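J.: Can you keep this structure in mind? I'll have questions shortly.
The values are calculated or read from the model by the stated rules, or taken from the named source; none is laboratory data. As the structure is a prediction and not an experimental result, all values here were calculated from the model. Here the Cβ positions follow ideal geometry from the backbone for every residue, glycine too, while neighbour counts run over all protein chains shown.
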Amino acid sequence: MPDITPNRIRQAYETAKAALLAEMVSAPVAADDPVQKLLDAPVTEMRHWVGELSTSALSTATAVMALEQMRRQYVSAGRDVPETWTRLIRGGIEWLVTHQNADGGWGDTIKSISNISTSMLCHAVLHATAPANGGCQSPGPTELLDPPIRGLTSPVRLDAMGSASAYIDRAGGVKAVIARYGKDRTFSVPILTHCALAGLVNWDEVISLPFELACIPAKFYAAVRLPVVSYALPALIAIGQVRFHFRPSWNPLRRWLQRWAKPASLQVLERIQPPNGGFLEATPLTSFVTMSLAAMGLIDHPVTRRGIEFIVSSARWGEGNRACSWPIDTNLATWVTTLSINALGDDVPLDACPGLRAWLLRQQYRVVHPYTNAASGGWAWTDLPGGVPDGDDTPGAMLALMKMSGVKIKH
């Protein structure tokens with residue numbers, strides 16, 4: 001093994017720095033842009049980094065399930081199913097089958113070890129989209145396609161489903177999912193809902209979420225101790241409602257309360273949805289919401305329509321447009337930018353600092369966030385409308401701004 005010398009470290013750093021600076025992007029900024037008032041001198045362009053998140057089996061499984069639920073409702077209503085949905089469902093299944101791990105499961109990325117949560121999501125969507133279960137049909141005999149869509153051929157699909165089922169049994173199934181997340185329902189309930197929509201989990205095994213709590217003023221959310229984290233409020237509402245739809249409470253008082261709360265909580269859901277449809281810019285959360293509303297027949301609700309548009313626009317097609325997948329989030333532009341600035345330190349080009357500073361200042365929230373009610377002054381991980389300010393990105397942005405301003409930071 002070669003010696004790790006200071007010279008080799010310096011060479012590696014210079015190579016990494018050059019690659020990082022080459023990834024910086026710029027965009028023009030108008031002279032009357034409000035951000036100009038926050039700067040010492042006007043700028044003509046803003047600069048930042050975007051980066052790219054790894055594609056994800058978890059995201060792909062949830063996106064395909066949302067599309068499949070919409071497709072089924074369209075078929076039931078006698079509507080023409082958009083060809084784009086069919087292509088995305090087929091492409092997503094092809095990608096999942098191609099990237100199944102040798103042990104039968106799936107991990108968070110194509111290089112990750114298998115885990116029970118992602119594996120149950122992938123297995124469920126393979127089951128739901130199988131032609132034998134009323135799922136998406138291929139446009140013709142798959143053996144006539146060149147090359148064939150592997151995920152839509154019965155032997156390949158059945159083999160993938162059998163391997164996945166065996167992995168899930170070994171890992172512990174539903175009990176393992178519940179145990180993995182404990183009292184926090186943020187992830188376990190959406191995962192089991194996804195599986196219930198595929199017909200693989202009984203609705204009695206899906207814990208009921210009190211979506212009626214979304215109707216109280218947001219300032220009381222902390223006091224009532226929601227069973228999910230605050231940013232998962234869309235899941236609380238949509239998944240709580242779909243569980244109520246398929247398995248209402250045995251308690252007549254709660255049944256009445258939840259029936260009363262359905263329209264009011266849907267109004268809350270519509271109010272907090274970003275204009276581009278993507279909750280947190282996250283395909284999984286947006287897909288969980290969309291599949292739940294679609295399964296209840298709410299295919300024309302504004303939240304459902306915007307959600308499916310976000311899912312369609314977020315798809316990544318592979319070579320030849322035969323397989324497609326989805327990332328966990330659209331991007332982490334703000335986080336990547338602050339990490340890059342803080343990593344480069346004094347090596348940030350002086351001519352780039354004004355543009356970087358302008359871009360970061362533009363991303364700061366100046367009002368209380370309508371989704372999480374976070375106070376003004378924070379930063380999210382992204383510059384897109386689905387982001388919310390949090391405690392990781394805010395100090396990162398502050399450190400980056402101080403570094404570019406020449407402030408000495410004591411460690």
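J.: Pro263 is checked against (1) modelled with pLDDT under 95; (2) part of a helix (DSSP H, G or I) and fails just one. What number does that condition carry?
T.: Failing condition for Pro263: (1).
J.: For the range 8-65, enumerate the residues that are part of a helix (DSSP H, G or I), at pLDDT 90 or above and either touching a His at 6+ places or on another chain (Cβ under 7 Å) or surrounded by fewer than 11 Cβ atoms within 10 Å (Cβ to Cβ) (or both).
T.: Ile9, Arg10, Thr15, Ala18, Ala19, Ala22, Ala57, Thr62, Met65 - these are the residues of the range 8-65 that are part of a helix (DSSP H, G or I), at pLDDT 90 or above and either touching a His at 6+ places or on another chain (Cβ under 7 Å) or surrounded by fewer than 11 Cβ atoms within 10 Å (Cβ to Cβ) (or both).
J.: Quickly run through the range 66-110 and pick out the residues that are without any contact (Cβ under 8 Å) to a residue 12 or more places away in the chain, surrounded by fewer than 16 Cβ atoms within 10 Å (Cβ to Cβ) and of a type outside the set (S, T, N, Q).
T.: Within the range 66-110, Val75, Gly78, Arg79, Asp80, Pro82, Glu83, Ala102 qualify.
J.: Looking at Gly307, is it under 23 Å from Phe187 (Cβ atoms), in contact with an Asp or Glu (Cβ under 7 Å, 6 or more places away or on another chain) and buried (at least 16 other Cβ atoms within 10 Å of the Cβ)?
T.: Criteria not met by Gly307.
J.: Pairs, please: C-beta under 9 Å, at least 6 apart or cross-chain, first residue more than 17 Å from Asn115 (Cα to Cα) and in the range 176-202, second polar (S, T, N, Q)?
T.: Thr193/Ser292; Ala196/Asn202; Leu197/Gln69; Leu197/Ser292; Ala198/Thr129; Ala198/Asn133; Gly199/Asn133; Val201/Thr193
J.: Determine whether the range 306-322 contains at least one residue that is out of contact with any Ser or Thr (no Cβ under 7 Å at 6 or more places or on another chain) and either within 27 Å of Ser208 (Cβ to Cβ) or not assigned by TED's automatic domain parsing to the domain that holds Ser76 (or both).
T.: yes
J.: Here's a follow-up. Suppose the filter is basic (Lys, Arg), under 22 Å from Asp33 (Cβ atoms) and touching a strand residue (DSSP E or B) at 6+ places or on another chain (Cβ under 9 Å); does Arg362 pass it?
T.: yes
J.: Related question: In the range 310-324, which residue that is loosely packed, with under 14 Cβ neighbours inside 10 Å and polar (S, T, N, Q) is farthest from the chain's Cα centre (by Cα)?
T.: Keep residues of the range 310-324 that are loosely packed, with under 14 Cβ neighbours inside 10 Å, which gives 313, 319-321.
Then keep just the ones that are polar (S, T, N, Q); that gives 313, 321.
On the way: Ser313: 13, Asn321: 22 Å.
Here the residue is Asn321.
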